[in-house]
Structure formats: structure tokens, C-alpha cells
1. Which label belongs to the value computed from this structure, given these candidates for Rg and Dmax of the Cα atoms in Å: [x] 19.3, 65; [y] 20.7, 80; [z] 16.0, 47?
2. Using all Cα-Cα distances in region 37-119, what percent lands in each 10 angstrom bin from 0 up to the longest?
3. Against the longest alpha carbon principal axis of the chain, how many degrees, from 0 to 90 and to the nearest 10, is the axis of helix 15-31 turned?
4. Round to the nearest 0.05 the FRET efficiency obtained for residue 70 and residue 99 when R0 = 22 Å and r is the Cβ-Cβ distance.
5. Return one number: the angle in degrees, 0 to 90 and rounded to the nearest 10, between the long axis of the Cα atoms of helix 35-50 and the longest principal axis of the Cα atoms of the chain.
6. What is the spin-label model distance, in nm, from residue 46 to residue 89 if the labels are put 7 Å beyond Cα along the C-beta direction?
7. Residue separation times 0.36 nm, minus the C-alpha to C-alpha distance between residue 106 and residue 21: what's the value?
8. Return the FRET efficiency for the residue pair residue 120, residue 57: r is the Cβ-Cβ distance, R0 is 22 Å, and the value is rounded to the nearest 0.05.
């Protein structure tokens with residue numbers, strides 16, 4: 001409630017105003033908020049990134065989380081999900097997996113292979129693409 005009040009009254013405060021930890025806190029509160037609040041503050045965070053007042057990698061995480069919660073595919077591969085058939089944790093459906101590392105690099109994120117390893121997920125691009133159609137059906141994602 002306090003963070004939303006700050007955002008509504010002052011906008012997205014950069015680290016030059018609230019420090020790195022304060023800026024990260026703004027992101028974390030919105031990243032873990034209900035979808036309606038994520039949707040409300042996503043444009044504000046996009047603008048803050050353009051102005052150098054928010055972290056592009058954090059924006060990528062929020063973009064992906066909102067997309068998945070709206071039933072769409074993620075862009076940066078930052079979100080995982082549990083495969084409803086196998087029960088294994090996997091990278092949630094994303095658009096254009098062939099170019100995900102390029103998109104991730106543009107926002108300061110490491111490679112999919114490195115990220116998946118941190119999550120103890122075996123990353124194989126070709127296997128991921130083969131399984132994507134089935135995963136999409138199970139997740140009910142839209143293109």
C-alpha cells in the first residue's frame with residue numbers, strides 16, 4: 001500500500017532519489033503484486049527505464065510475469081512453471097526461443113543456459129522448441 005501510494009504520488013523514483021535498494025524495493029513489490037497492479041504500474045516502469053530510473057532487467061522480469069498472467073507468452077524467458085504432465089520445473093512458454101539470448105542481452109540478462117542452470121533446469125533449445133506446443137496447450141497460452 002505504501003509503495004503504491006509513493007508511485008501514485010511521485011512516480012517511479014530512481015536510484016538517484018531512493019538509492020539502489022529503494023529502487024529494487026519498488027520493483028519487487030510490483031513484481032509480486034496482484035495482476036491489476038502490475039498492469040497499472042508496468043507503463044510507469046517502462047518510462048522509468050527509458051529515463052534511466054529503473055533497471056531494464058527488472059522490467060524484463062515484470063514484462064514476462066504480466067504476459068504469462070495474461071495468458072500470453074513471455075519475451076525474455078525469466079519465468080519458470082511446472083509442467084503439468086511431467087511435474088518438472090521448466091521455462092514457461094516464450095515467443096521466438098531462437099532469439100531469446102539476444103533479447104536477454106539487450107536488457108542485461110545472462111544467457112538462457114546460465115539462467116536455467118541457476119534454477120536447476122536442463123536447457124536445450126531444440127528440446128524446448130519441440131515441447132513448446134504441448135506446454136502451450138497445458139498452460140493455455142496465447143500467441
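Any read-out appearing in this document is the output of simple, stated calculations on the displayed coordinates, not a laboratory observation. Note that the coordinates shown come from a computational prediction; the quantities given were computed from them, not determined experimentally. Note that we place each Cβ from the backbone using ideal geometry, even for glycine, and neighbour counts take in every protein chain shown.
1. Matching the structure shown: [z].
2. Bin by bin from 0 Å, the calculated values are 18, 48, 30, 4, 0.
3. Result, in degrees: 40.
4. On the way: r = 21 Å, r/R0 = 0.98.
Once the sixth-power term is evaluated, E becomes 0.55.
5. Result, in degrees: 70.
6. Reported label-point gap for residue 46 and residue 89 is 3.0 nm.
7. Details: separation 85, 0.36 × 85 = 30.60 nm, distance 2.29 nm.
Roughly 28.3 nm would be gained on extension.
8. Numbers: r = 21 Å, r/R0 = 0.94.
Result of the calculation: an efficiency of 0.60.
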